[in-house]
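Scroll down for the structure; my scribbles are underneath it.
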Amino acid sequence: MQAPLTIITGLAGLACFAAFSWAVKKHFRQTGAMPPGMKLTSGLSLLGLAWFAWHLTTGVSQAWPLVLALFAASYSVFIWAVRATRHTPPTLAFDTDKPSFLLRHGPYQYVRHPFYLAYLLFWTATALAAQTVLAWAAPVIMAALYFAAATREERKFAESDLSSAYAAYRAQAGMFLPRPSALFTS
């Protein structure tokens, strides 16, 4: 029973990671060369994926139903965010562009950074699957990078022509998690 679960878990994680990688090349806009912060994030993501795959060689944890649910949630949030941004894709993380539009539909009505939420769900699932305390290094490191990128993006909005609209939006939508009030008013 363990081998099929390990394979299913590995494939679910790989499907999420493949979708994220596709978006870097085919969905997000890039205003110049890939930003150094994005290069670092991509490199560490590859290392994290390799770490996850290596840990799967010992099998998957007893938390596999939660792991698969988190992978499904990650993929669902990611696809929802891609659909919401298909006509106005955001730039890559750590890009230096000046914001010219504000997204407030789809998952953006609940969280300001749904792509980062999807990635955080993914890394949490990989750590739960790995059956080791050290596996939590990946979600912690990646969360720090996503927080840095999100903070930088929010600073760009605060310094743009959209600053007042973004301030109102920040009061409504959480950074990575929905505000309870947004869940009940939508």
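The values are calculated or read from the model by the stated rules, or taken from the named source; none is laboratory data. Owing to the predicted nature of the structure, the values given are computational and were not obtained by experimental measurement. Glycine also receives a Cβ, built like all others from the backbone with ideal geometry; neighbour counts cover every protein chain displayed. Surface areas here come from the heavy atoms of the whole protein model, side chains and all, with no ligands, DNA or RNA. Shrake-Rupley method; radii C 1.70, N 1.55, O 1.52, S 1.80 Å.
Results for (1) among the basic types (Lys, Arg); (2) more than 17 Å from Tyr146 (Cα to Cα); (3) in contact (Cβ under 8 Å) with a residue 40 or more places away in the chain, shown as yes or no for each residue.
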| position | (1), (2), (3) |
| --- | --- |
| Leu11 | no, yes, no |
| Thr58 | no, yes, yes |
| Thr85 | no, yes, yes |
| Pro114 | no, no, no |
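Taking the stated definitions as given, is Gln30 loosely packed, with under 12 Cβ neighbours inside 10 Å and not acidic (Asp, Glu)?
No, not satisfied.
I'd like to verify a number: residues in segment 148-178 that are open to solvent by less than 20 Å² (accessible area, probe 1.4 Å) and either over 27 Å from Phe71 (Cα atoms) or among the charged types (D, E, K, R) (or both), how many? Outline the logic, then answer.
If we filter segment 148-178 for residues that are open to solvent by less than 20 Å² (accessible area, probe 1.4 Å), which is where we start, we get 149-150, 154, 160, 166, 169, 173-174.
Now restrict to residues that are either over 27 Å from Phe71 (Cα atoms) or among the charged types (D, E, K, R) (or both): 154, 160, 166, 169.
Number satisfying all stated conditions: 4.
Would you pick out the residues in segment 64-108 that are surrounded by fewer than 15 Cβ atoms within 10 Å (Cβ to Cβ), under 17 Å from Phe122 (Cα atoms) and more than 17 Å from the chain's Cα centre (by Cα)?
Pro65, Leu66
Against the definition (surrounded by 17 or more Cβ atoms within 10 Å (Cβ to Cβ), out of contact with any His (no Cβ under 6 Å at 6 or more places or on another chain) and either hydrophobic (A, V, I, L, M, F, W, C) or in contact (Cβ under 8 Å) with a residue 12 or more places away in the chain (or both)), how does Leu145 come out, yes or no?
Details: surrounded by 17 or more Cβ atoms within 10 Å (Cβ to Cβ): yes; out of contact with any His (no Cβ under 6 Å at 6 or more places or on another chain): yes; either hydrophobic (A, V, I, L, M, F, W, C) or in contact (Cβ under 8 Å) with a residue 12 or more places away in the chain (or both): yes.
Here the answer is yes, as Leu145 does meet what is asked.
Counting only residues that are among the β-branched types (Val, Ile, Thr) and assigned to a helix (DSSP H, G or I), which one in segment 121-144 is modelled with the lowest pLDDT?
For segment 121-144, the residue satisfying everything is Val133.
Mind listing just one residue for me: the one in segment 1-27 that is crowded, with 17+ Cβ neighbours inside 10 Å and of a type in the set (A, V, I, L, M, F, W, C) and, of those, farthest from Ser61 (Cα to Cα)?
Only one residue tops the list, namely Ala23.
Of (1) assigned to a helix (DSSP H, G or I); (2) acidic (Asp, Glu); (3) closer than 22 Å to Lys25 by Cα, Glu154 satisfies all except one. Which?
Going through the list (1) assigned to a helix (DSSP H, G or I); (2) acidic (Asp, Glu); (3) closer than 22 Å to Lys25 by Cα, Glu154 breaks only (3).
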